[in-house]
Amino acid sequence: MLQTPFYTVCGPATLTMSLLLCEYRRYAPKAAQILLISVTWFCSVGGLSNSDSSRLASYFGTKTRYEEVNPFLLVNPLLVSRKHDLLPNTCTPLQVVSVIRHGRRYPTQKQIKKMKKIYNLIQQSESNSELVKELQSWNMWYDDWMDGQLVKNGEEDMKNLAYRLASLFPSLFTADKLEKCKMSFTTSSKHRCVDSTKSFIKGVTHNYLQLPELPDTEQEDGTCREPVVNDTLMRFFDHCEKFVVQVEDNDTALHEVDKFKIGPEMQKVINNVATLLSVPKDQLNADLIQVAFFTCSFELAINNTMNSPWCRLFDEEDAKVLEYLNDLKQYWKRGYGFDINSRSSCNLFQHIFQHLETAVSESKRSQHISNPVVMHFGHAETLLPLLALMGLFKDEKPLTADNFSSQNELKFRSGRIVPYASNLVLVLYHCELVENSEEEYQVQMLLNENLLPFPHSQQSVCLFDDLKKQYSHLLSNCRVREECELMKAVHEDEL
């Protein structure tokens, strides 16, 4: 629940501004638009700045809400703010191809087990502090059946994202294209991804297009509105033997993570929490501290709880350390730590480019684009390797247990890259009034609805032919079957 000062001071003004903002943006100069958005943003976020969870909210890594990346969505979750960044009217969007992470979810069984362990430890504390008493009386409502399932807020994440993307590209998200099966929705088999896909489809179908829901008797016939499960594509990491053996199941692969857990920064956090809880330090470890931190994040993400006692266990300096712990794991297990992490995503990368290539070919033959909307739904573990494969968010030096002090300059921050509902969107345009035929087809990338510069040029737009040249080594020489074959991998390493 929002604090009273926020509603009293900002509530009516913010509500009025959010209602008028979309209409105003159509006519106002860009400077005025930015000022209006900034005032609205300040009012919405500033009113929450004193809450326990908001101090920590940007440090939750992969457990971060999407609104931390785009704070204006706290005011108006349907606001489309980046339309002015797209190519001009002389360029027409032909196709969008996207990879989307599932929305907010419950903790997994493994996480819940750890949550219960530290909760039981707190019950044994004899401290009379107000914080400990609050934690002891807090209701442990998480249960094993939840096991990572999508929550209500996660459904809304997807519906709202669908509405915003459709609003951004209205010529592609049409009822005619949906009914003629010109939109495809591919998903991981995990229930949170399947449910995210279904919520996204509802967001397009019902919220944006205002089409009626199909009766249950007709659901099976509505195949265009049903997700297609493809784990080979969306959970490629499970199908890459070299990754599974050398990274996923290899205890030494996360050496830097383990080293950081016993390092001075993490030990300081453990000491702080042990003092607050009045429990022996030797009964705590980095994993339990991290799950307590994540409990704070889940309370915010799932219940919108702004002042959870779990959040008061940590200050902002603690949060920075715990964010780095999370980022270290993601870096070595899903990012640049090992080549196979990203190379295992080659099939997905090539699949995306095949769609773009097909659309260009159809356009050149003056044909209708057969699949103008291509949506893929997966995990942070799907997006991070793909982004690494493309050379995005790569730091000059690898993340290690010893370079925490440079965290503020890091490009690889998972909470900024792959929060809940994170999305990578490639937009293919056909452009007129160009100087030559090579400039006719152009591409933009958006990450979390913000323009993403191409790593080779640092420009926000790229000619399609140039993009193919930049990634020709991946399009022609990245063979997942061979690279993921363990026996061949061992043989090559021995050479």
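Things to note:
- Check: segment 217-365 dipole with +1 on Lys, Arg Cβ and -1 on Asp, Glu Cβ, in debye: 380 debye
- Intensity falloff of segment 142-189 expressed as log10 I(q)/I(0), Debye formula with alpha-carbon point scatterers, at q = 0.15, 0.19, 0.25 Å⁻¹: -0.58, -0.78, -1.02
- Packing-based order for 120-130, 352-362, using average beta carbon neighbours within 10 Å, highest first: 352-362, 120-130
- Debye-sum result for segment 337-424 in log10 I(q)/I(0), which assumes one identical scatterer on each alpha carbon, at q = 0.19, 0.23 Å⁻¹: -0.95, -1.17
- Cα gyration tensor category, rounded, prolate or oblate, for the chain with a/c compared to 1.5: oblate
- With 21 Å as the limit on Cα-Cα distance, the pairs of Lys63/Lys152; Lys110/Lys190; Lys113/Lys259; Lys261/Lys320; Lys117/Lys281; Lys110/Lys329 that go past it are Lys113/Lys259.
- Segment 379-495, Rg to Rh (Cα coordinates; Rh as Kirkwood inverse mean 1/r): 1.04
- In the chain, a dipole from Cβ-located charges (positive for Lys and Arg, negative for Asp and Glu) runs towards its positive end, and of Trp138, Cys346, Pro455 it is Trp138 whose Cα lies farthest in that direction.
- Protein-only accessible surface order, largest first, of Thr232, Thr186 at 1.4 Å: Thr232, Thr186
- Taking the DSSP beta bridges with both ends in the chain, the antiparallel portion is around 60 percent.
- Expressed as a whole percent, the accessible area of segment 382-494 that falls on carbon and sulfur atoms is 45 (1.4 Å probe).
- Using the 1.4 Å probe convention, the accessible area of the chain works out to 46 Å² per residue with neighbouring protein chains retained.
- Estimated at the nearest 10 Å², the accessible area of Arg82 is 90 Å² with a 1.4 Å probe.
- Under 14 Å from Lys411, Cα to Cα: aspartates and glutamates that are on another chain or at least 8 residues apart: Glu323, Asp327, Asp395, Glu396
- Once divided by 2.2 N^0.38 Å, the Cα radius of gyration of segment 371-411 becomes 1.62.
- Area of Arg365 that stays accessible when all protein chains are in place (1.4 Å probe, Å², to 10): 140 Å²
- Considering only alpha-carbon pairs that sit under 8 angstrom and 6 or more positions apart, the relative contact order computed for the chain is 25 percent.
- Seen from Thr205, the other residues with C-beta closer than 9 Å to its C-beta sum to a net charge of +1, counting Lys and Arg as +1 and Asp and Glu as -1.
- For segment 424-485, the relative contact order works out to 25 percent when only alpha carbon pairs closer than 8 Å and six or more residues apart are counted.
- For segment 135-222, averaging the sequence separation of C-alpha pairs within contact (under 8 Å, six or more residues apart) and dividing by the residue count gives a relative contact order of 38 percent.
- Straight-line reach from Lys333: taking Cα to Cα under 12 Å and skipping same-chain neighbours fewer than 8 places apart, the aspartates and glutamates in range are Glu248, Asp249, Asp251, Glu256, Glu381.
- Using the rule -39500 (n - 2.57) for each DSSP H run of four or more residues, divided by the residues of the chain, the 222 nm mean residue ellipticity is -13500 deg cm²/dmol.
The values are calculated or read from the model by the stated rules, or taken from the named source; none is laboratory data. This is a predicted model, so every value here is computed, not measured. Don't worry about glycine lacking a Cβ; one is built from the backbone with ideal geometry, like all the others, and counts go over all protein chains shown. Note: accessible area is taken over every heavy atom of the protein model, side chains too, but ligands, DNA and RNA are not part of it. Shrake-Rupley method; radii C 1.70, N 1.55, O 1.52, S 1.80 Å.
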